[in-house]
Amino acid sequence: MSRVLRPGAYLALLLPTAVAAVVTSLFAPDQTYRRWMRLIAVKQGAARRGPRVGTRGRLLGHAVASVFVGLVGWVLLAMIGLMIARGALYGVVDRGPYDNAWGGPSRAGAWLTHFAISVPIAAVAVVLVVGVANLHLRMTRPLHGEAMPWWTVPVALVVCGVATLFLVGWVQQI
């Protein structure tokens, strides 16, 4: 279960850590680096050891990029929460009437239909949470003096773009 909970906790903490890092990277780069190491410990169970290779500019750039990846993580975590609340717990959250609900007009039919639709969507979101957390860990490699895979930045840009389009589409639907 820690394979799911650790990346979820990592992404939940990523956005506030990144926002704080944007500010502190300009004034206290050592503190910013230590903050990133504590966050990595949430995902991996132990902080990474290695030489610190981080200038203020590199830390600031990483923090700004991490804000966007953190927003994607929060969108995914919110989607999982929504799938639990409006899918698995549909009959508890919505008291009816169920005449126009998917699977209605009975409460049991509506609940079962919403449950059946929400479970695969939540499962895909969990896989995406793990993927986005691992993507961010690869983005953190240059702070340790390691090489970042060439595909990391393009994939991060695509992920952020797709999440933005999804969120805009979702909001316009409501």
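The values are calculated or read from the model by the stated rules, or taken from the named source; none is laboratory data. Remember, it's a predicted structure, so these values are computed and weren't measured experimentally. Counting neighbours? That spans all protein chains shown, and the Cβs are built from the backbone with ideal geometry, glycine included. Ligands, DNA and RNA are excluded from the accessible area calculation, which covers all protein heavy atoms including side chains. Shrake-Rupley method; radii C 1.70, N 1.55, O 1.52, S 1.80 Å.
Please state which one of 143, 157 is in contact with a His (Cβ under 7 Å, 6 or more places away or on another chain) and over 15 Å from residue 75 (Cβ atoms).
Numbers: 157 fails: in contact with a His (Cβ under 7 Å, 6 or more places away or on another chain).
The conditions single out 143.
For residue 70, only one of the following conditions fails: (1) surrounded by fewer than 18 Cβ atoms within 10 Å (Cβ to Cβ); (2) in contact (Cβ under 8 Å) with a residue 12 or more places away in the chain; (3) closer than 17 Å to residue 18 by Cβ. What is its number?
So residue 70 meets the others, but not (1).
Considering the stretch 36-67 alone, what residues qualify as being modelled with pLDDT of 65 or more and not in a helix (DSSP H, G or I)?
The answer is 55, and nothing else.
With the structure loaded, tell me whether residue 22 is within 23 Å of residue 166 (Cα to Cα), assigned to a helix (DSSP H, G or I) and either open to solvent by less than 60 Å² (accessible area, probe 1.4 Å) or modelled with pLDDT under 80 (or both) or whether it fails that test.
Numbers: within 23 Å of residue 166 (Cα to Cα): no; assigned to a helix (DSSP H, G or I): yes; either open to solvent by less than 60 Å² (accessible area, probe 1.4 Å) or modelled with pLDDT under 80 (or both): yes.
It is false that residue 22 is within 23 Å of residue 166 (Cα to Cα), assigned to a helix (DSSP H, G or I) and either open to solvent by less than 60 Å² (accessible area, probe 1.4 Å) or modelled with pLDDT under 80 (or both).
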